[in-house]
Amino acid sequence: MKKSLILLLSLFALTPISGFANVITTSGSITASGEDSVAYILFNQEATARTEINVASSRFDTFAYLFSNDGSLGISDYITRNDDGGPGLNSLISRVLGAGSYILAVSDYHFSAYEAIHGYNYNNRFGSYTVNINSDANVSFSANVPEPATLSLLGLGLVGVGFARRTKKS
């Protein structure tokens, strides 16, 4: 009986207090209007599970969009958004997510889906933020997401190479 009680208490002590199996945190900042006014956080989730994404800032009213990551950020990847679901003016997304890769776009209030996709917010708020992702599944941050302008330049470069190659063959 004593051994069973000790085992039970040991297991209880190993249980995360938050109720989630995995908690990861990152921080960053956004600039006022223009380039870097939208921050992208890429993360992977290994299995279908309950997940909470908290975005907090003491400098601005956070707004977050969540997209699935299929390699190109578009409106078809949209999952959900949140403005003031967390305490104060902080964002909170809470839902069951499937296994996969996700993109979280973070900026300040009055943040549209168009701006989230194209990486440019027209407001003048700026400052630092913190993102906590809490999940019952294993989650991890991935490499940074290329900015939309970078992807456009890459596409233009590939078109130019294709055109030059075609002209050279003629």
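The values are calculated or read from the model by the stated rules, or taken from the named source; none is laboratory data. As the structure is a computational prediction, the values presented were derived from the model and not from experiment. Neighbour counts run over all protein chains shown; Cβ positions are idealised from the backbone, glycine included.
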Quiz item: What number of residues within region 1-39 are within 28 Å of the chain's Cα centre (by Cα) and either at pLDDT 50 or above or hydroxyl-bearing (Ser, Thr, Tyr) (or both)?
Solution: 23
Exercise. Return yes or no: is LEU66 surrounded by 15 or more Cβ atoms within 10 Å (Cβ to Cβ), free of Cβ contacts under 8 Å to residues at least 60 places away in the same chain and part of a strand (DSSP E or B)?
Key: yes
Quiz item: Hey, among the residues in region 107-138 that are over 16 Å from ILE75 (Cα atoms) and among the hydrophobic types (A, V, I, L, M, F, W, C), which one's farthest from the chain's Cα centre (by Cα)?
Solution: PHE126
Quiz item: How many residues are charged (D, E, K, R) and at pLDDT 95 or above when one looks only at region 59-82?
Solution: 2
Practice problem: Go through (1) at pLDDT 95 or above; (2) at positive phi and name the single condition GLY119 misses. | Solution: (1)
